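Notes follow once the structure below has been shown.
The values are calculated or read from the model by the stated rules, or taken from the named source; none is laboratory data. This one's a predicted model, so the numbers in the text were calculated from it and none came from an experiment. Counting neighbours? That spans all protein chains shown, and the Cβs are built from the backbone with ideal geometry, glycine included. Protein only, heavy atoms only, side chains kept; ligands, DNA and RNA dropped before computing areas. Shrake-Rupley method; radii C 1.70, N 1.55, O 1.52, S 1.80 Å.
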Amino acid sequence: MRLRELLMEEGKNIISMIIESEDMTYSSSNISKLDLIPVGVGNYTLVLNEVIFDFSDEDLDKEGILKNGILYFELEKAKIEVGMK
């Protein structure tokens, strides 16, 4: 599954996320807000609870790798782990 599909279509089924970037690592198993917002041509902002992350079209088109019930995404500037219901 591509990251874009996961965030736009399966957001309600996400139970946990870890986003590790150059600047920070953010982990949440209590997701109260998850929005993917277009912010110009080819750029998006992901709002995860109260934390904001920026992604490109290329990032969102990455395919996840499923291991032990967790989807892993290796992006140019971040790594994402997603737990699903």
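Here are some notes:
- Portion, in percent, of the accessible area of the chain that falls on carbon or sulfur, probe 1.4 Å: 47 percent
- Checking (1) 3, 15, 29, 31, 18, 4, 0, 0; (2) 3, 12, 14, 14, 15, 13, 14, 10, 4, 1, 0; (3) 3, 15, 21, 14, 9, 7, 6, 6, 6, 5, 4, 2, 1, 0 against the coordinates, the calculated P(r) over Cα pairs in 5 Å bins from 0, in percent falls under label (1).
- When you filter the GluC sites (Glu not before Pro) in segment 1-65 for DSSP loop state and at most 13 other Cβ atoms inside 10 Å of their Cβ, you are left with Glu22, Glu50.
- By definition, a body whose alpha carbon gyration tensor gives a ≥ b ≥ c is oblate when a/c is 1.5 or more and a/b is not larger than b/c, and segment 39-85 fits this oblate description.
- 18 Å Cα cut-off, lysine pairs counted over the chain (separation 8 or more, or different chains): 7
- Heavy-atom accessible area per residue - the chain, 1.4 Å, Å²: 63 Å²
- Charge dipole (debye, nearest 20) of the chain; +1 at Cβ of Lys and Arg, -1 at Cβ of Asp and Glu: 400 debye
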